[in-house]
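Structure first, commentary second.
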Amino acid sequence: MPTSMPDMTDARNWFADVSDSRRRRFLASRREGVLIHVDGQVLVNFASNDYLGLSNHEAVCMGAQGALADGVGSGASRLVSGDHPMLHRLEEKLAAWKGYEACMIVGSGMLANLGLLQTLANRHTHLFSDRLNHASLVDGARLSGAATHRFKHLDTEQLDQLLNKHSAKHRIILSDGIFSMDGDASDACRLLELAENHDALLVIDDAHGIGCMGPDGKGITASCDIAKQSRLIEVGTFGKAFGGYGAFILGNCEMIEGLRQRQRSMIYSTALPVALITAAETSLVLIQRGKERQQLQQNLAQFKQLTAKLGFMDSYSPIQPLMIGSDEQALSLATKLRDAGFFVPAIRPPTVPEGTARLRFTITASHSSEQIEQLSCCLKGLLEK
Ligand SMILES: *Cc1c(COP(=O)(O)O)cnc(C)c1O
């Protein structure tokens, strides 16, 4: 009887050599507010999507703790017996807040996009996708079997041309709201206009924007023409500004009801624990109040002012990337920052295109103005060397 693993090298390339500068590293760490404990070091964390600091906010934690009295897991899919009334209540609140008719909560942003595109599109559909879209949209497109046309990052001119060229009946434009590795934003209103002109649907995944960007923190679509919103579907996550875990899809009643009936990534997966729903509901109240968002904007303004001449990429979001180029240089700078007490990740290919390795700073409401000042000062010193 064979006892070793079958040889999968050709099929999967699992064991191919990965160079040191390419190997993905998983650092076991423990977070304590804005600090992070890694390898016996305590660092200031500039690598978190917890933009408003809600992941350890007292009220958010208390809500979750209260709900834990009834247990941890939901026990089943929403379709079977996991569909707690709290889920529906939060769906209604999210829809009302964002100005949509309806909302559906799902397990995570990744599951939201995989399932959404698998449900909405088939091999007769044509998808039009920004080149820098998040992996979940890319993989959802693949899963759907639809023909996919990619347009240059943020290039709505090219998108318009592609839409003119490919006149299939079912067409869907796909874009991130705030882009996760560049921190820049799509022109949602222009995309919506193009969707209207070309009779297409528009899916905006504003995972990074909802909760901290746009009017009242409602994300980047909040300033668009509501009348056109029947062709807009939006995805948000509880994993970032909400400080929790889970995700949601917003759209009109017909769309959301269709997804409830068909979206496999929701139907065939265990419902989110009520403790997380309770936490997200409390986060929504705090987001609506706006205090943390105001602090975030203040911190961001300070950081941008102090680093204005250091060559950061153009971004007004909490994602502030500094383009470096080579993998080795990006890694070396990240190591030096770590030695100085700051945790900042070097983002390398294949997460970003070849030759565009970068440091990705994320600013949050929890950073103190001293921490931001010390980081900027340290970075200036390192870059001048
Ligand atoms: C983080 C992110 C996701 C994934 O969301 P999770 O809830 O973490 O699975 C999806 N899309 C975008 C644009 C993201 O940045």
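The values are calculated or read from the model by the stated rules, or taken from the named source; none is laboratory data. All figures in this text were calculated on a predicted structure; none of them were measured in a lab. Cβ: placed from backbone, ideal geometry, glycine included. Neighbour counts: every protein chain shown. Remember, those area values only see protein heavy atoms, side chains included, never the ligands or the DNA or RNA. Shrake-Rupley method; radii C 1.70, N 1.55, O 1.52, S 1.80 Å.
Observations on the model:
- Single unsatisfied condition, residue 118 versus (1) within 13 Å of the ligand (Cβ to nearest atom); (2) of a type in the set (S, T, N, Q); (3) open to solvent by 10 Å² or more (accessible area, probe 1.4 Å): (1)
- Set side by side, the residues 123, 142, 131 differ, and just one is basic (Lys, Arg) and either touching a Phe, Trp or Tyr at 6+ places or on another chain (Cβ under 8 Å) or modelled with pLDDT under 95 (or both), which is 131.
- Per the conditions (1) under 15 Å from residue 365 (Cα atoms); (2) touching a Phe, Trp or Tyr at 6+ places or on another chain (Cβ under 7 Å); (3) not in a strand (DSSP E or B), the sole criterion not satisfied by residue 44 is (3).
- Number of the condition not met by residue 218 [criteria: (1) out of contact with any Lys or Arg (no Cβ under 9 Å at 6 or more places or on another chain); (2) in contact (Cβ under 8 Å) with a residue 12 or more places away in the chain]: (1)
- All positions within the stretch 244-276 that are of a type in the set (A, V, I, L, M), away from the ligand (no atom under 14 Å from the Cβ) and assigned to a helix (DSSP H, G or I): 255, 256, 259, 267, 274, 275
- Filtering the stretch 58-79 to residues that are of a type in the set (D, E, K, R), more than 27 Å from residue 263 (Cα to Cα) and touching a residue at least 60 places away in the same chain (Cβ under 8 Å) leaves only 70.
- Residue within the stretch 259-269 that is at pLDDT 95 or above, in contact with an Asp or Glu (Cβ under 9 Å, 6 or more places away or on another chain) and open to solvent by less than 20 Å² (accessible area, probe 1.4 Å) present: no
- Residue, surrounded by the fewest Cβ atoms within 10 Å (Cβ to Cβ), within the stretch 181-197, restricted to residues that are closer than 18 Å to residue 229 by Cα and of a type in the set (Asp, Glu): 187
- Restricting attention to the stretch 121-165, the residues that are away from the ligand (no atom under 16 Å from the Cβ), surrounded by 21 or more Cβ atoms within 10 Å (Cβ to Cβ) and of a type in the set (A, V, I, L, M) add up to 4.
- Number of residues in the stretch 198-213 that are away from the ligand (no atom under 15 Å from the Cβ), open to solvent by 10 Å² or more (accessible area, probe 1.4 Å) and not charged (D, E, K, R): the value is 2.
- Qualifying residues in the stretch 222-243 (those that are part of a strand (DSSP E or B) and away from the ligand (no atom under 13 Å from the Cβ)) - the one nearest to residue 281 (Cα to Cα): 233
- Filtering the stretch 186-218 to residues that are outside any loop (DSSP other than H, G, I, E, B), farther than 18 Å from residue 113 by Cβ and in contact with a Ser or Thr (Cβ under 8 Å, 6 or more places away or on another chain) leaves 189, 190, 192, 194, 215.
- Each residue in the stretch 274-321 was checked for being surrounded by fewer than 16 Cβ atoms within 10 Å (Cβ to Cβ), of a type in the set (D, E, K, R) and under 21 Å from the mean Cα position of the chain (by Cα), and 1 pass.
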